[in-house]
1. Using the Cβ atoms and a cut-off under 14 Å, what net charge is assigned to the surroundings of N18, where Lys and Arg are +1 and Asp and Glu are -1?
2. What FRET efficiency comes out for N4 versus V42 if R0 is 30 angstrom and r is the Cβ-Cβ distance? Round to the nearest 0.05.
Amino acid sequence: MVLNDIGADAVKIGMLHNTSVIKCVCKILKKYKLKNVVFDPVMIAKGGARLVNKNSVNYINNLSFSKKEGNSIISENTRRN
């Protein structure tokens, strides 16, 4: 894994399709204590179709890293249900 080899100064996260993937990503963020995180999930297609189920959206909205202080940026589209 790149994080083991050279680390990362910043991480950008895009679409996370389900809660199991979200939990895995959160585990890695915590393990490596990543601080410069841009969380920009794709939840709705341009045509309006939902790409992520409502349970996953609720889970994302309640994540601790989305509320922490620091250098994380959470895009506004995480609040759209």
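Any read-out appearing in this document is the output of simple, stated calculations on the displayed coordinates, not a laboratory observation. Computed from a predicted model, the values in this text were never measured in an experiment. FYI the Cβ positions are ideal-geometry reconstructions off the backbone, even for glycines, and counts take in every protein chain you see.
1. Values: positive: K23, R50, K54; negative: none.
Its environment carries a net charge of +3.
2. Efficiency, rounded to the nearest 0.05: 0.65.
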